[in-house]
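The values are calculated or read from the model by the stated rules, or taken from the named source; none is laboratory data. Model, not experiment: these values are computed from the prediction. Positions of Cβ are backbone-derived with ideal geometry, glycine not excepted, and every protein chain shown enters the neighbour counts.
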Amino acid sequence: MFLRTYSDDITIFATDAIKIDADDRVLLGRLGIKIEDHSLEQLDFSAEQVTAHLEGGSKLRFDTVYPALGSDANDMLAQALDLKMGDGCCISVDQKQRTSRDGIYAAGDIVHALDQISVAMGHAAIAATTLHNDLREKDGLAKS
Ligand SMILES: Cc1cc2nc3c(=O)[nH]c(=O)nc-3n(C[C@H](O)[C@H](O)[C@H](O)COP(=O)(O)OP(=O)(O)OC[C@H]3O[C@@H](n4cnc5c(N)ncnc54)[C@H](O)[C@@H]3O)c2cc1C
């Protein structure tokens with residue numbers, strides 16, 4: 001549906017059997033988004049187009065493909081440290097990137113937020129400043 005903003009000719013296909021429930025199929029159909037139920041076997045790229053080879057031998061041609069890979073959070077360290085977790089295997093932090101354990105700060109995709117580089121860098125800047133100030137406070141010094 002997000003890609004529909006850029007093109008009125010969208011087809012969804014997948015390497016495995018596609019799992020889209022009936023309600024979502026209706027919604028996608030209303031937007032003119034096609035669902036290809038034959039699974040993808042191979043993609044061929046040329047300068048002009050992408051050819052999708054589907055199970056059963058049929059072919060579809062597209063201007064481009066947009067992969068939706070998904071991601072899994074590697075939260076083993078957070079679990080081992082018994083940090084408080086929030087949505088989707090993400091570490092819960094306060095507004096200064098402090099976790100539930102004193103002296104441990106978290107930044108980036110492992111924190112619940114928009115998963116983008118600029119956000120991760122912003123988190124890291126906040127975490128580093130907080131860490132610095134927390135250490136100064138522990139040493140009885142004013143925050144800088
Ligand atoms: C396919 C794809 C395309 C993307 N495109 C964009 C884009 O165009 N623009 C954009 O802004 N963002 C994009 N992103 C998102 C962006 O990559 C992430 O938001 C960003 O990398 C998050 O940085 P991070 O440091 O939190 O995590 P990561 O970059 O994932 O770094 C975490 C690091 O920690 C390591 N690690 C994990 N657990 C341990 C452990 N226990 N011990 C030691 N090391 C460990 C991992 O190996 C990894 O190197 C994309 C992501 C993907 C997957």
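Close contacts from segment 27-41, counting a first residue that is free of Cβ contacts under 8 Å to residues at least 12 places away in the same chain and a second that is among the hydrophobic types (A, V, I, L, M, F, W, C), with Cβ to Cβ under 9 Å and a gap of 6+ residues or different chains, come to 29/35.
Restricting segment 100-121 to residues that are surrounded by 16 or more Cβ atoms within 10 Å (Cβ to Cβ) and not in a loop (DSSP other than H, G, I, E, B) leaves a set whose member that is farthest from the ligand (Cβ to nearest atom) is 105.
Just for segment 61-78: of the residues that are more than 10 Å from the ligand (Cβ to nearest atom) and of a type outside the set (S, T, N, Q), which one is surrounded by the most Cβ atoms within 10 Å (Cβ to Cβ)? Show your work before the answer.
Step one: of segment 61-78, the residues more than 10 Å from the ligand (Cβ to nearest atom) are 61-66, 72.
Those left that are additionally of a type outside the set (S, T, N, Q): 61-63, 65-66, 72.
On the way: 61: 11, 62: 16, 63: 9, 65: 13, 66: 10, 72: 7.
That would be 62.
Is it true that residue 15 is outside the structural domain of residue 122 (by TED's automatic domain parsing), surrounded by 12 or more Cβ atoms within 10 Å (Cβ to Cβ), polar (S, T, N, Q) and touching a strand residue (DSSP E or B) at 6+ places or on another chain (Cβ under 7 Å)? In short, no.
Tell me the residue from 48, 36, 41 that is among the acidic types (Asp, Glu), farther than 30 Å from residue 132 by Cα, over 20 Å from the mean Cα position of the chain (by Cα) and surrounded by 15 or more Cβ atoms within 10 Å (Cβ to Cβ), please. Show your work before the answer.
Numbers: 48 fails: surrounded by 15 or more Cβ atoms within 10 Å (Cβ to Cβ); 41 fails: surrounded by 15 or more Cβ atoms within 10 Å (Cβ to Cβ).
Matching residue, one of 48, 36, 41: 36.
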